[in-house]
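J.: Please read through the structure below; I'll follow up with questions.
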């Protein structure tokens, strides 16, 4: 069961922002990576940061993807909310792809060692 939860911090969550987040992140995350049946939950937090050492408005987009047994995370801070959302989308897709490739490599390495043991035995 896959769910997307969107939360806003220090800003209002307008229908336009919700629509943009769902179109960008929902399609990329759940559309591309849910076929494996592993993504359980996606939490998206967007808003303004209140860092005292930065000037102007800095927007933050954070995505936490809960996969069986672990959490994959990406964060982006930009001067524009929509560019922060776009940047965090690229980061989380890369994190998900790397995680999948690492798992596949581990599986292949295990299968290779089993095949080698069967040849010797």
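What follows is calculated from the coordinates using simple rules that are stated; it is not laboratory data. Please read all numbers here as calculations on a predicted model, not as lab measurements. Reconstructed Cβ throughout: ideal geometry from the backbone, glycine too, with neighbour counts over all protein chains shown.
J.: Anything in region 77-96 that is more than 16 Å from residue 56 (Cβ to Cβ) and not in a helix (DSSP H, G or I)? List them, or say none.
T.: The answer is none; no residue qualifies.
J.: Also, I was wondering about something else. Take the residues of region 79-89 that are surrounded by 14 or more Cβ atoms within 10 Å (Cβ to Cβ) and out of contact with any strand residue (DSSP E or B) (no Cβ under 6 Å at 6 or more places or on another chain): which is nearest to residue 19 (Cα to Cα)?
T.: So the residue we want is 82.
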